[in-house]
Amino acid sequence: MKNLLLIVLFLLFGSKNIYSQQLVINEVVSSNGSLITDEDGSYQDWIELYNNSANPINLNGYGLTDDAALLFKWVFPNVTINPGSYLLVWASDKNRINPANPLHTNFKISATGEVITLTSPSSILVDSAPATSLLINESVGRIPNGTGSFVVIQTPTPNAENANGTPVQTLNAPIFSQNSGFFTAGFTLNISTTDPTATIIYTLDGSEPDENNLLGTTYNYKNQYPKLPEQAFGPLLQQSFQTLQYSAPISIVDRSSALNKISLISTTFDFLPPYFPNGPIFKGTVVRAKVVKPGSISSEVITKNYFISPLGNSLFTLPVLSLSIDENKLYDYNDGIAVAGVDFDTWRTANPTKIPSRQIGNYERSGTASERKANMHYFVNGQEKINQDVGIRVRGAYSRLYPSKSWNIYARPEFGDKNLSYKFFDDEPYVNFERLSAKNSASDFYNTMFRDGLNHRLTSNLRMETEAFRNVITFINGEYWGILGLREKYDDNYFKQVYNIDAVDMLENQGEVQEGDALDYNNMYSYISNNSLAIPANYSYIQTRMDTENFTDYFISNIFLQNKDWPGNNIIYWRKRTSGYQANAPYGHDGRWRWALHDNDSTLDDADQNSLALATSTTGISPNPAWSTLILRKLLENQTFKVDFI
């Protein structure tokens, strides 16, 4: 996959790209044995930048990384690189950013090759150096200097012009004798390469093959947390994953009788997790492989999923979503995003007498820093429909507490494809998705696991947005992981796809900005709060600010469905960003605010609930605080709206 990533980056950063004309990664050393030393007298890896332009370039806020999922892993301080000049950055993991002193990143570079990426403060990918396996004291650099393709340089030239290099070979991907799928019987898998001098490395545990992991990586995790005061802090346990060197065919069999692994790692802050499987669970085999050779760019990683069962393709009637990932990215005590981990223990230490009432733990982390790269397979009737690398993040609020997490799934061009290209939802026409969600059903997790999806389907013909839905069987690193609900995700990409809108304001709950800003909404809300809508002129005006028919359908739906986690929560509202009301614009383009159905998991379970009273309450108590009911209450002052609403 690194090779594929490199190709994508080169396509993005061709000669017409203004950044690549001006500022380039010019040379990289990943195994400095005796070339030059840093200010501490130690031999460290280094990255050389070169300014091709006639003007100084200030690097403040630029990102440098060896991880495509974390483009701003290390950020430049306020330093300037002059025209025709070099800047050498030590890749030492010392993390030094004083502009007056030599700069050091917070990462090192693997001698076996890592893509190094430079990103502008506005998140534009500026340049990249390919993942190249180098011998000690070799570099990979541009020849001609500053403009040419990357070659292997036997005599590196730090802070000087590159010369005398050998063209870099890009290795072809490994060839598998069998594609992914469901099979009635086991078989023997052969993996081959077109280069007899190269080596194939592979994994069987879902991790990405890595030349530096042939001895294995061990990480810490916990299965016991002090959920209640006075309970003990559980011990640190250890698990590992490992890359193997291919030397003989691999036997693919039904692994269900093998010991459970990641399904026996706690993903909550329970003292005694009650959800571990009582026996072996169904398992597939994930095989991931790449081709490596010193002095060459490693091939892309090829990932295949194999499931063995007498039922073959008919094993599951639901589609199958299979995620493969370095398991420490999810379950490591300090860095895993799917566990309570160090974040919960830190909270407990600071709050020894409190009982946790929210989703405290590593899984509460959000944003790009909490995104992890994974491989996604998607099967329908046993047939592979999607096989690509994606970014995944834990999503939701209180739902993060449940054993099986909800995920946002991101297609990334830097991972090889900007779209997930498949018609995931039968009732939608779309075949390309930049983002999807796989949700655990939150408060419906221990019940039907489809209540929210059902409600969205029941109301899909009304005048509001609903999210398409289908349940999927889930696997992580080959282990059965239960049922999730695959969903569309409301964001700027959704509105671009559905309405061809380039810019939206989208808010959640009490004005929390998800896209754009809240200025127009706050202005409208203030008007509603301070003016009587019983006056026809005021009501007519507010109809130019919000779609009252959409609002009616939205509130009636939630009232009828007896949504108990609303309207002070799970509200999504949006508008196209315009300079004002566009009266003759197509639906969705007029600049008015509209509401979108969202998270209807806590519904249809209390026949005695007076949902209308709750939706018009002024008590200020969750889940219906006064701010969340104000618009409906004010609209109901208007006789025309009231009649329409009833």
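The values are calculated or read from the model by the stated rules, or taken from the named source; none is laboratory data. On a predicted model such as this, the values are computed, not experimentally measured, just so you know. Positions of Cβ are backbone-derived with ideal geometry, glycine not excepted, and every protein chain shown enters the neighbour counts. With ligands, DNA and RNA removed, areas are computed over all heavy atoms of the protein, side chains included. Shrake-Rupley method; radii C 1.70, N 1.55, O 1.52, S 1.80 Å.
In region 253-403, Cα pairs under 8 Å separated by at least six residues give a relative contact order of 22 percent. Placing unit charges on the Cβ atoms of the charged side chains and taking the dipole of region 592-646 about its Cα centre, the candidate lying farthest along the positive direction among 619, 597, 641 is 641. When its C-alpha radius of gyration is set against 2.2 N^0.38 Å (N residues), region 183-251 gives a value of 1.73. For region 91-159, the Kirkwood hydrodynamic radius from C-alpha pairs, put into Stokes-Einstein at 4 °C and a viscosity of 1.567 mPa s, yields a diffusion coefficient of 95 µm² per second.
By the Cα gyration tensor, region 547-613 has an equivalent ellipsoid whose semi-axes, rounded to whole angstrom, run 29, 11, 8 from largest to smallest.
Apolar share of the accessible surface for the chain: 51 percent from carbon plus sulfur atoms, 1.4 Å probe.
The radius of gyration of the Cα set in the chain, together with its Dmax, comes out at 27.5, 84 angstrom. What separates the Cα centres of region 562-582 and region 142-206 is a distance of 49 Å. Using the Kirkwood formula on the Cα atoms of region 67-109, what hydrodynamic radius do you get, in angstrom to one decimal? Every distinct Cα pair counted, the radius reaches 11.3 Å.
Each Lys and Arg contributes +1 and each Asp and Glu -1, all at the Cβ; summed about the Cα centre of region 595-645, the dipole is approximately 380 debye. Dipole orientation for the chain: of the candidates 344, 442, 187, 442 has the Cα lying most toward the positive pole (charges on Cβ; Lys, Arg +1; Asp, Glu -1).
Full extension of the chain between residue 643 and residue 447 yields a length gain of 66.8 nm, computed as 0.36 nm times the residue separation minus the alpha carbon distance.
Label-to-label distance, residue 636 versus residue 52, with points set 7 angstrom from Cα along the beta-carbon direction: 6.6 nm. Normalised by 2.2 N^0.38 Å, where N is the number of residues, the alpha-carbon radius of gyration of region 416-483 equals 1.26.
Highest-first packing order for the peptide set 115-123, 275-283 is 115-123, 275-283, based on the mean count of other beta carbon atoms within 10 Å. The relative contact order of region 68-120, computed from alpha carbon pairs under 8 Å that lie at least 6 residues apart in sequence, is 34 percent. Per-residue extension of 0.36 nm, minus the Cα-Cα distance of residue 355 and residue 272, leaves a gain of 28.3 nm for this segment. Within region 145-204, the percentage of alpha carbon pairs spaced more than 15 angstrom apart rounds to 68%. A simple charge model with +1 on the Cβ of Lys and Arg, -1 on the Cβ of Asp and Glu and nothing else charged puts the dipole of the chain at about 580 debye relative to its Cα centre.
Relative contact order of the chain: 9 percent, from C-alpha pairs under 8 Å at least 6 residues apart in sequence. Think of each Lys and Arg Cβ as +1 and each Asp and Glu Cβ as -1; about the Cα centre, that makes the dipole of region 570-616 roughly 640 debye.
Percent of alpha carbon pairs in region 305-384 separated by more than 17 Å? The proportion of pairs with Cα distances above 17 Å equals 60 percent.
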